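Data block below; observations after.
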Amino acid sequence: MKAQRPRIAVHKFASCDGCQLAFLNAGEALLTLAQRVEILHFAEAGWLDPLAKVDIAFVEGSISAPHDIERIRAVRESAKFLVTIGACATAGGLQALRNGVKEAAGWVADIYASPQYIESLPESRPVSAHVKVDLEIWGCPVTIEQVLGATASLLNGVTPVNPGEPVCVECKRRGHACIMVTQNAPCMGPVTRTGCGALCPGVGRACYGCFGPAELPNAVSMAKHFEQAGLDKREVARRFLFITSAAQPFADVGRHYKENE
Amino acid sequence: MPASRFLPHSALQSLLDALTARGYAVIAPQARDGCIVYTETRHADELPWGIRLEQDPGSSRTIKGTHRQAFAWANGPQALKPLVFAPSEPLWRISRQADGYAVKAAETPQRPLAVIGVRACDLAALAIQDRHFLHGPYPDPRYGARREGMLLVAVNCTHPASTCFCASTGDGPEAKTDFDLALTELDDGFVIEAGSAEGEQILAALPLQDARAAQVEAAAAGIRHAAESQTRAIPGRNLRDALMARLEHPRWQEVAQRCLACGNCTMVCPTCFCHAETEQPELDGSGSLHSREWDSCFGERHGYIHGKQLRPEISQRYRQWLTHKLASWHDQFGRSGCVGCGRCIAWCPVGIDITEEAAALLK
Amino acid sequence: MNSPHVPQTARIVERIQESDDIFTLRLRFSDAAVQDGYRFAPGQFNMVYLPGAGEVPISLSSDPEEREDFAHTIRAVGRVTRGLAALKPGDEIGMRGPYGRGWPLDEAEGKDVFIITGGLGCAPVVAVIHYVLKRRERFKRLVILQGVKHSHDLIWRASYERWAQATDTQVLIAANSTEALWPWHVGSPIDLVSQAEFDPANAVTMICGPEGMMVAAAKALKARGLNEADIHVSLERNMQCALGLCGHCQLGGHFVCKDGPVFSYPEVKVLLERGGL
């Protein structure tokens, strides 16, 4: 008799759907995955059974609306192991830029023709603010390697490693020329968690900090350096208040520069 | 002593051709992405002709000079280290069998490399890495396979950067040993000498001229000037006891305010040897790949031990790095781990200067 | 051939649950020739490899003269050790070793042997206890001092009770907090150093446990008149290669994996007393 395959679900909350694409874009690996697990819920791919009991639930998106809170609790109840995928689920995402902004309450009326249909929480929060999370995978978006690598470890019965080293280390392993040192670029690499494979610095663009704070980030020194490199306070604030604006210490440093513009 | 010989710039291609003919892949410096990188090179005209390098703490810029030399710069972010100690490489693959596992060691590529443009500081660093990877109780077969076939063409440094301090560590600017060929560049070519039997054989295949006395003197003067023009210095060749007596110095906290803990200093340091091992299981359950990759004492893995971080603060990690490099290195290798290349100064995004920190700690 | 660089496979022949989260695996190399040629000393360690998870350094806990197999006593605390805890007899894992410098058992012959362990430091020295008890005539007194945080952390309780009955053997046990009817000392194991019956002029001490405890124990031993050079400690650091190459296990100038894990106290005293290195 064949042993029952592990069951998985992929849930979506407030997000752009981009992180779920790590599964859908995996190509042949997706077929391998489908053979090793039973996918019970994955709306974007056509499986619908949101309350199914599963071994691993992957959660994309932040908790941004009142009904999200009930739903994430139900997901937690249904899953033995809960993995957040991406900046939204792990740190509140881009939409957390509204957190703590006084004027935010008026934005819905300014933007939407029928604001009465929009129901939002005052803050966009990570999944971990509401339920226990077993593994957080950072990224905007997460990569195929991260998600399938973690899945392979879990299927092997082992907690995945979750590196918090800075982008710089991976950038140097790949032999990229440092764009901070050669071009004075305002690169967030020194304080940002790796996982992207040093994608942007590898093509000459300053790291945007998509993967959130590294394990031991000195954001204060980074911000001072950006100022010395010629950025004004507003520009410094924008380096930190972007994809993972709600994650510490980016939130505090960004807000400090924003308030002292 | 054999008469000095001279290789005109116009005949430099003959050196590359001679190395290729002997079966080497030729690695040489090129100007790329605003810095000097060592990469596979077929034609002498790919070298950084007319390029100068301005390096300061946290800054490195290539600029077009008015001269016609190919080696009128100090060094790039890397030289020999990635060629012998791979930034990441598989160690073994374990595959699931009917009743257990089978382990297969990963193969090490053994393409012999000839590296042109090796600096004295990098030769000194290579000697340290050789000692670490090859002369302990467990010689590393991967490093050994790459190192064994490597031919070294040194180019004495005549244009140190502001970040250089090899004269104070005693490792440069002149390559004295451990090279196959050594060149000193003048405006129209190189004074060239062999440092090994194979180097002699290669010289025999080149269209050399006898070096004139003025050329030999100009080469020596260039090296002398390179030593004299260095403005930075490490404050003493053995700081072991002085630093270990200052483990509670307030400077550690002060530097930790600036240090980003990004690990760049360790990645560019030609003597840093730390690496981590990683394991990635296959998604289909057929097995797993075990690899190693460069790691840094500034990263979380370095001081981690079952649920506990031995060095949770940046000040402790910086102290680990500096005291290893300049103090406990003496216990391990009988010398300092610093060869004065200045890379950690230039490639630190916030420009922390090891010579300045060491001097401040000694106060 | 047993290479230090690549794991051999080894099969679990027995699994013993020692406490809630501590278990012992008895193992045998799958290749009989490797098992035949395998020698180790108490205090040495293997890199125990769970395929798909990674390697962890674990000291050997069996008797080196039991040549049929060898044993590791493991606490399930991390991702690899928790995975190892789920294995059953018959399962295969990978194994590299042995590595490092073991306990100075030759030096201890003809002397009193004083073993001090804190918490889970017991596994590396239990091999020594077994070693000494089996070769009782080669050693003088045996003093075993075991400290645990809580009484339920004490594994091999029956063994301690049995050892206490052996001739010329003294067992001292302390727990910081205890359940009811705890027959031994309540408090720090260091309190008990003064009760140990040994000849400081002719003794070797072996200590394993948290670094703070080892430093305190060394001070108490010095106060009893023991020469620092007769104190030996087993250290723990992050070890990834076990070959003295990866650099993670450095303590000052020492590579703990190859220069240790057992050190004579004067070699590491200054570094341990400093802490945070």
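Which residue out of A:197, A:209 is outside any helix (DSSP H, G or I), outside the structural domain of residue A:138 (by TED's automatic domain parsing), surrounded by 24 or more Cβ atoms within 10 Å (Cβ to Cβ) and within 21 Å of the chain's Cα centre (by Cα)?
Sole residue among the options that is outside any helix (DSSP H, G or I), outside the structural domain of residue A:138 (by TED's automatic domain parsing), surrounded by 24 or more Cβ atoms within 10 Å (Cβ to Cβ) and within 21 Å of the chain's Cα centre (by Cα): A:209.
Which residues, taken from segment B:94-121, are surrounded by fewer than 20 Cβ atoms within 10 Å (Cβ to Cβ), farther than 30 Å from residue C:28 by Cβ and free of Cβ contacts under 8 Å to residues at least 60 places away in the same chain? Passing the criteria: B:108, B:109, B:110. Only one residue in C:29, C:114 is out of contact with any helix residue (DSSP H, G or I) (no Cβ under 7 Å at 6 or more places or on another chain) and aromatic (Phe, Trp, Tyr), so which one is that? Just a single option satisfies the conditions, and that option is C:114.
Residues of segment C:227-250 being farther than 26 Å from residue B:142 by Cβ and more than 7 Å from chain B (Cβ to nearest Cβ), which ones?
Looking only at segment C:227-250, we keep the residues that are farther than 26 Å from residue B:142 by Cβ, and these are C:227-236.
Matches in segment C:227-250: C:227, C:228, C:229, C:230, C:231, C:232, C:233, C:234, C:235.
Exactly one residue out of B:207, B:235 is within 19 Å of residue B:19 (Cα to Cα), surrounded by fewer than 17 Cβ atoms within 10 Å (Cβ to Cβ) and either within 14 Å of chain C (Cβ to nearest Cβ) or touching a helix residue (DSSP H, G or I) at 6+ places or on another chain (Cβ under 8 Å) (or both): that is B:207. Taken together, the residues in segment A:120-135 that are surrounded by fewer than 21 Cβ atoms within 10 Å (Cβ to Cβ) and either among the aliphatic types (A, V, I, L, M) or touching a Pro at 6+ places or on another chain (Cβ under 6 Å) (or both) amount to 5.
Restricting attention to segment B:98-148, the residues that are assigned to a strand (DSSP E or B) and at pLDDT below 95 add up to 1. I'm trying to understand the selection: among the residues of segment A:136-184, which are surrounded by fewer than 23 Cβ atoms within 10 Å (Cβ to Cβ), more than 8 Å from chain B (Cβ to nearest Cβ), under 20 Å from the mean Cα position of the chain (by Cα) and of a type in the set (Gly, Ala, Ser)? Once the filter is applied, which keeps residues that are surrounded by fewer than 23 Cβ atoms within 10 Å (Cβ to Cβ), more than 8 Å from chain B (Cβ to nearest Cβ), under 20 Å from the mean Cα position of the chain (by Cα) and of a type in the set (Gly, Ala, Ser), segment A:136-184 yields only A:150. When segment B:334-363 is examined, which residues are found to be touching a His at 6+ places or on another chain (Cβ under 7 Å), among the hydrophobic types (A, V, I, L, M, F, W, C) and either within 21 Å of residue B:241 (Cβ to Cβ) or not assigned by TED's automatic domain parsing to the domain that holds residue B:252 (or both)? Answer for segment B:334-363, where residues must be touching a His at 6+ places or on another chain (Cβ under 7 Å), among the hydrophobic types (A, V, I, L, M, F, W, C) and either within 21 Å of residue B:241 (Cβ to Cβ) or not assigned by TED's automatic domain parsing to the domain that holds residue B:252 (or both): just B:361. Scanning segment B:56-81 for residues that are under 20 Å from residue B:271 (Cα atoms) and either free of Cβ contacts under 8 Å to residues at least 12 places away in the same chain or of a type in the set (A, V, I, L, M) (or both) yields B:74, B:79, B:80.
State yes or no: is residue A:225 more than 20 Å from the chain's Cα centre (by Cα) and assigned to a loop (DSSP other than H, G, I, E, B)?
Numbers: more than 20 Å from the chain's Cα centre (by Cα): yes; assigned to a loop (DSSP other than H, G, I, E, B): no.
Against the criterion (more than 20 Å from the chain's Cα centre (by Cα) and assigned to a loop (DSSP other than H, G, I, E, B)), residue A:225 does not qualify.
Just one of (1) away from chain B (no Cβ under 12 Å); (2) in a loop (DSSP other than H, G, I, E, B); (3) farther than 21 Å from residue C:232 by Cβ fails for residue C:77. It is (1).
Inspect all residues belonging to segment B:312-332 and state whether any of them is farther than 21 Å from residue A:165 by Cα, at the interface with chain C (Cβ under 10 Å from one of its Cβ atoms), touching a strand residue (DSSP E or B) at 6+ places or on another chain (Cβ under 8 Å) and surrounded by 19 or more Cβ atoms within 10 Å (Cβ to Cβ). The answer is yes, given that some residue of segment B:312-332 is farther than 21 Å from residue A:165 by Cα, at the interface with chain C (Cβ under 10 Å from one of its Cβ atoms), touching a strand residue (DSSP E or B) at 6+ places or on another chain (Cβ under 8 Å) and surrounded by 19 or more Cβ atoms within 10 Å (Cβ to Cβ). Within segment B:51-73, being within 14 Å of chain A (Cβ to nearest Cβ), touching a His at 6+ places or on another chain (Cβ under 9 Å) and not in a strand (DSSP E or B) holds for B:58, B:73. Of the residues making up segment B:1-50, those that are assigned to a helix (DSSP H, G or I), within 26 Å of residue A:174 (Cα to Cα) and charged (D, E, K, R) are B:45, B:46. Contact map, segment B:238-264: residues that are within 19 Å of residue A:226 (Cα to Cα) paired with residues that are at pLDDT 95 or above and aromatic (Phe, Trp, Tyr), Cβ distance under 6 Å, separation 6+ or inter-chain. Pairs shown: B:255/B:318; B:256/B:318; B:259/B:318; B:261/B:298; B:263/B:298; B:264/B:347.
Here residue B:344 does not qualify as surrounded by 19 or more Cβ atoms within 10 Å (Cβ to Cβ), assigned to a loop (DSSP other than H, G, I, E, B) and either at pLDDT 95 or above or facing chain C (nearest Cβ under 8 Å) (or both). In segment B:122-138, is there at least one residue being surrounded by fewer than 23 Cβ atoms within 10 Å (Cβ to Cβ), in the same structural domain as residue B:193 (by TED's automatic domain parsing) and touching a strand residue (DSSP E or B) at 6+ places or on another chain (Cβ under 7 Å)? Checking segment B:122-138: not a single residue is surrounded by fewer than 23 Cβ atoms within 10 Å (Cβ to Cβ), in the same structural domain as residue B:193 (by TED's automatic domain parsing) and touching a strand residue (DSSP E or B) at 6+ places or on another chain (Cβ under 7 Å). Condition check for residue A:246 on (1) assigned to a loop (DSSP other than H, G, I, E, B); (2) within 11 Å of chain B (Cβ to nearest Cβ); (3) crowded, with 24+ Cβ neighbours inside 10 Å: one failure, at (2).
Would you say residue C:82 is within 14 Å of chain B (Cβ to nearest Cβ), part of a helix (DSSP H, G or I) and over 24 Å from residue B:90 (Cα atoms)? The answer is yes for residue C:82.
Residue-wise test of (1) part of a strand (DSSP E or B); (2) among the polar types (S, T, N, Q); (3) more than 8 Å from chain A (Cβ to nearest Cβ).
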site: B:267; (1), (2), (3): no, no, no
site: B:273; (1), (2), (3): no, no, yes
site: B:276; (1), (2), (3): yes, no, yes
site: B:280; (1), (2), (3): yes, yes, no
site: B:299; (1), (2), (3): no, no, no
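Any chance segment C:193-202 includes a residue that's of a type in the set (A, V, I, L, M, F, W, C) and closer than 17 Å to residue C:264 by Cα? Checking segment C:193-202: at least one residue is of a type in the set (A, V, I, L, M, F, W, C) and closer than 17 Å to residue C:264 by Cα.
The values are calculated or read from the model by the stated rules, or taken from the named source; none is laboratory data. This one's a predicted model, so the numbers in the text were calculated from it and none came from an experiment. In this analysis, Cβ positions are derived from the backbone assuming ideal geometry, glycine residues included, and neighbour counts consider all displayed protein chains.
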